[in-house]
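The values are calculated or read from the model by the stated rules, or taken from the named source; none is laboratory data. Please read these numbers as outputs of a predicted model, since none were measured by experiment. Positions of Cβ are backbone-derived with ideal geometry, glycine not excepted, and every protein chain shown enters the neighbour counts.
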Amino acid sequence: MKRMIINGNKKLNGTIRISGAKNSAVAIIPAAILTETEATICNVPEISDIESLEEILKFLDVDVKRATETIVINTKKMKNKVIPAEISNKLRASYYFMGALLAKYKKVEMHFPGGCKIGKRPINLHLEGFKKLGATIEEDGDKYIITADKLIGSNIYLDVASVGATINLMIAATKAEGLTTIENAAREPEIVNVATFLNNMGADITGAGTSIIKIKGVEHLTKGFTEIIPDRIEAGTYTIMGALLGEDLKVSNIIPEHIESLTSKLEAAGANIKIEDDTLTCNQVKKLNAVNIKTYYYPGFATDLQQPFSVFLTQCSGKSKVEETIYENRFMHIEYLNKMGANITTKDRIATINGPTPLKGEDVVATDLRAGAALVIAGLIAEGTTVIEEVEHILRGYEGIIEKLTNVGADIKIEENPCQNE
Ligand code: EPU
């Protein structure tokens with residue numbers, strides 16, 4: 001296991017360029033197996049979740065060529081096989097192979113996916129949707145055997161506007177006979193990115209980005225090309241750092257409207273953020289004021305930014321409330337923030353933050369990806385040295401985090417944990 005060491009309270013100055021979106025790339029790569037020939041995907045972030053997907057592709061005998069941020073996938077020799085649980089357990093997004101293999105072969109055997117332990121995270125909506133498309137599902141322990149003689153277009157209403165279910169069902173319906181309508185679909189920008197890619201390969205999808213998506217089934221998907229959109233969660237994380245420590249810190253290659261729910265809250269708290277085209281500039285201010293947030297589906301406040309934003313709120317004057325409505329267990333960072341000097345109490349899904357409180361360096365643990373990002377922010381603003389254990393969680397989602405932060409003046413490094421290697 002690796003750990004991160006941060007010597008805090010250094011100003012951040014310069015430019016951080018945002019990479020391709022993890023949650024787009026992890027869906028587009030499995031969707032790419034629908035090509036009968038070759039698909040090229042650009043702006044793919046170099047993070048460990050992508051390495052896990054490449055491992056799955058290679059296991060399925062897909063030819064994968066990677067040159068820095070471009071992946072070329074050729075499916076000519078591909079075979080449908082049961083993906084071993086040790087690989088699919090490494091990440092949540094392995095579940096997109098359910099929809100993709102079902103569409104391509106009408107049969108898929110797969111285990112329950114992995115991912116951060118931030119709540120129950122069931123996949124019932126994915127499975128119910130596959131059934132609506134004509135599939136039958138057998139459960140064998142944590143393995144699902146999903147088969148269909150043929151997939152037939154259907155009307156699917158999602159009880160919850162789930163990102164994962166929306167994308168998985170959109171992928172599965174691409175080759176179903178007739179029209180599929182997904183109602184109460186999630187509207188996250190990543191869904192538009194996946195739909196545009198599928199359409200580029202020959203699919204017929206309209207309405208992605210709205211709550212009603214229509215998919216007319218097609219027989220063949222051919223050569224494809226796409227570019228992954230900038231990662232709005234990575235952009236948000238660095239923007240929060242800039243609001244706290246920036247001296248003209250620029251966050252570039254962003255789509256500002258994708259992080260408006262964050263920037264409007266930062267501005268309401270008094271932060272100094274200037275947005276121009278695809279870049280924003282942040283400057284630290286003397287006084288910040290408490291604000292409340294409630295996580296919600298896009299375009300609401302992203303749950304993935306809730307943990308990083310709670311660190312910002314520890315520096316605001318007054319009482320802030322954070323309500324997490326999407327996941328039952330996304331407050332695991334709070335114990336560590338309190339250890340560092342924050343004053344936060346939680347009750348059910350609401351955290352109350354009393355600020356401002358100076359933070360001091362401590363030994364902490366990244367329990368999940370965004371908890372880890374929150375602790376990096378806390379370490380950067382803290383006085384003294386912070387040691388974050390289990391940084392593997394952070395490396396699943398933040399490309400080149402050490403290099404990006406070092407380049408703008410942070411004192412941060414990753415090393416093997418000597419105690420755990422004994
Ligand atoms: N849900 C169900 N049934 C389902 C699916 C979801 O009840 O079949 C519920 C979940 O329990 C949760 C809510 O719906 O309460 C949202 O789940 P969703 O399916 O939207 O989440 P996900 O697809 O598992 C993706 C991202 C998450 C991000 C959420 C919400 C990927 C691989 N993951 O998860 O990203 O938090 O959407 O925006 O795209 C992260 O990047 O740190 C992360 C956790």
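Tabulated data for the structure shown
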quantity	calculated
Hey, Val192 without any contact (Cβ under 8 Å) to a residue 60 or more places away in the chain, within 16 Å of the ligand (Cβ to nearest atom) and among the β-branched types (Val, Ile, Thr) or not	yes
Residue tally, condition of a type in the set (Gly, Ala, Ser), surrounded by fewer than 24 Cβ atoms within 10 Å (Cβ to Cβ) and within 16 Å of the ligand (Cβ to nearest atom), over the stretch 204-250	2
Number of the exception - Val108 against (1) closer than 26 Å to Thr367 by Cβ; (2) touching a strand residue (DSSP E or B) at 6+ places or on another chain (Cβ under 9 Å)	(1)
Count of the stretch 91-110 residues which are among the charged types (D, E, K, R), free of Cβ contacts under 8 Å to residues at least 60 places away in the same chain and more than 21 Å from Gly141 (Cβ to Cβ)	1
Selection count where residues are of a type in the set (Lys, Arg) and within 16 Å of the ligand (Cβ to nearest atom), scope the stretch 326-353	2
Any hit, the stretch 157-178, residues being charged (D, E, K, R), crowded, with 19+ Cβ neighbours inside 10 Å and away from the ligand (no atom under 13 Å from the Cβ)	yes
Conditions (1) surrounded by 17 or more Cβ atoms within 10 Å (Cβ to Cβ); (2) away from the ligand (no atom under 16 Å from the Cβ); number of the one not met by Lys143	(1)
Which numbered condition Lys104 misses (of (1) surrounded by 24 or more Cβ atoms within 10 Å (Cβ to Cβ); (2) closer than 19 Å to Phe197 by Cβ)	(1)
Members of the stretch 383-397 that are surrounded by fewer than 24 Cβ atoms within 10 Å (Cβ to Cβ) and either free of Cβ contacts under 8 Å to residues at least 60 places away in the same chain or closer than 19 Å to Asn343 by Cα (or both)	Glu383, Gly384
Count of residues meeting criterion [farther than 25 Å from Asp149 by Cβ and part of a helix (DSSP H, G or I)] in the stretch 85-104	7
Positions within the stretch 1-13 being in a strand (DSSP E or B) and touching a helix residue (DSSP H, G or I) at 6+ places or on another chain (Cβ under 6 Å), in sequence order	Ile6, Leu12
Residue that is farthest from the ligand (Cβ to nearest atom), among those in the stretch 87-138 that are among the β-branched types (Val, Ile, Thr) and over 22 Å from the mean Cα position of the chain (by Cα)	Thr136
Some residue of the stretch 68-82 being buried (at least 22 other Cβ atoms within 10 Å of the Cβ) and assigned to a loop (DSSP other than H, G, I, E, B)	no
Test for Val291: is it of a type outside the set (Gly, Ala, Ser), farther than 23 Å from Gly8 by Cα, crowded, with 17+ Cβ neighbours inside 10 Å and out of contact with any Pro (no Cβ under 6 Å at 6 or more places or on another chain)	yes
Test: residue in the stretch 301-320 that is within 16 Å of the ligand (Cβ to nearest atom), touching a residue at least 24 places away in the same chain (Cβ under 8 Å) and either of a type in the set (Lys, Arg) or in a loop (DSSP other than H, G, I, E, B) (or both)	yes
Every residue from the stretch 354-379 that is within 16 Å of the ligand (Cβ to nearest atom), part of a loop (DSSP other than H, G, I, E, B) and not aliphatic (A, V, I, L, M)	Thr367, Asp368
Residue in the stretch 179-189 that is surrounded by the most Cβ atoms within 10 Å (Cβ to Cβ), counting only those that are of a type outside the set (A, V, I, L, M) and in a loop (DSSP other than H, G, I, E, B)	Glu188
Residues (at pLDDT 85 or above, surrounded by 11 or more Cβ atoms within 10 Å (Cβ to Cβ) and more than 25 Å from the chain's Cα centre (by Cα)) located in the stretch 407-422	Gly409, Asp411
Contacts under 7 angstrom Cβ, first residue in the stretch 115-131 being touching a residue at least 12 places away in the same chain (Cβ under 8 Å), partner near the ligand (Cβ under 6 Å from one of its atoms) and assigned to a helix (DSSP H, G or I), 6 or more apart	Gly115/Arg92; Cys116/Leu369; Leu125/Ala165; His126/Gly164; His126/Ala165; Gly129/Ala165
For Pro30: the one exception among (1) assigned to a strand (DSSP E or B); (2) within 16 Å of the ligand (Cβ to nearest atom); (3) not small (Gly, Ala, Ser)	(1)
